[in-house]
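Visitor: My structure is below; once you've seen it, I'll send some questions.
Please treat every number below as a calculation from the coordinates, not as lab data. It should be emphasised that the depicted structure is a prediction, and the values quoted were computed from it without experimental measurement.
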Amino acid sequence: MLRRNPRLRSAAIVAMGLAFLALPACGGGSDDTQSSGPVAKFTADTPTPPAGTIALLPGGSTGASVNVRVTVTGVDGFFGAAFRVTYDTSALLFRGMDDSGSFLRTGVTNADVIFLSDHVSTAGVVVITATRKDPAVVPPVDVVGPSDLVVLNFTARKQIAAAAPEGRLDFADPKQVCDGTLAAPACGAITVTWSGGGVSAH
């Protein structure tokens, strides 16, 4: 592999998330919600993900609030990902993203990673970038899993029947996982299976 200037490569990796998905550096939702309401839970399409899978798994819930884990299972050389999660805004309110427990943070500093989420640019779509910055400084991660990449929080706005379309959370294109071998906006792509799930609330 040709060696590139680490500073230029780092800037290119940053551009992957910003240019590829045109992400502003937005955080989680700030909309108000009532403390009372339905009791929500998340059900995964693939509760036990096989190797080579990025899957949404339940992360616990409190009342109408539900955490949804974006997990990676059995992927070697994982450097970063950019993807979208779709949801029905009439049924669900996106409240934010937590990256504090991400496996990408293992053994590195805050300066070595990028986590961005944008739910404002397109209604009903959360656009996410989660990546290490510079493979010349920090290596990719071999993930056995399932391990958390990020955790998303949603609030149920109303009652949602089990398996109802309005409770669906799905990955949408464009979505990719990169191994860090190519300069952004190119991607040394890793082929994975993407698996969603659904929120119910009663």
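Visitor: P(r) for the stretch 87-153, please, calculated from all Cα pair distances in 5 Å bins and given in %.
Guide: 3, 15, 25, 20, 15, 11, 8, 3, 1
Visitor: Follow-up. Using only Cα atoms, locate the centre of the stretch 145-202 and the centre of the stretch 74-115, then give the distance between them in Å, rounded to an integer.
Guide: 10 Å
Visitor: Whose amide H sits under 5 Å from the amide H of residue 95, counting only residues 5 or more places off or on another chain, with H placed in the peptide plane?
Guide: It is 29, 153, 154, 155, by chain and number.
Visitor: Quote the convex hull volume per residue of the stretch 135-202, based on C-alpha atoms, as a whole number of Å³.
Guide: It is 137 Å³ per residue.
Visitor: Could you calculate the contour length gain from residue 189 to residue 88, that is, 0.36 nm times the residue separation minus the distance between their Cα atoms, to one decimal place in nm?
Guide: So the chain would gain 33.4 nm between residue 189 and residue 88.
Visitor: Once you have the Kirkwood Rh of the stretch 32-135 from its Cα pairs, apply Stokes-Einstein at 4 °C and 1.567 mPa s and quote D in µm²/s.
Guide: 84 µm²/s
Visitor: Then there is this: Using θ = phi - 60° and the Karplus relation 6.51 cos²θ - 1.76 cosθ + 1.60, list the HN-Hα couplings for the stretch 77-85 in order, rounded to whole Hz, with x at every Gly or Pro.
Guide: So the J values, rounded to whole Hz, are x, 7, 10, x, 8, 9, 7, 10, 10.
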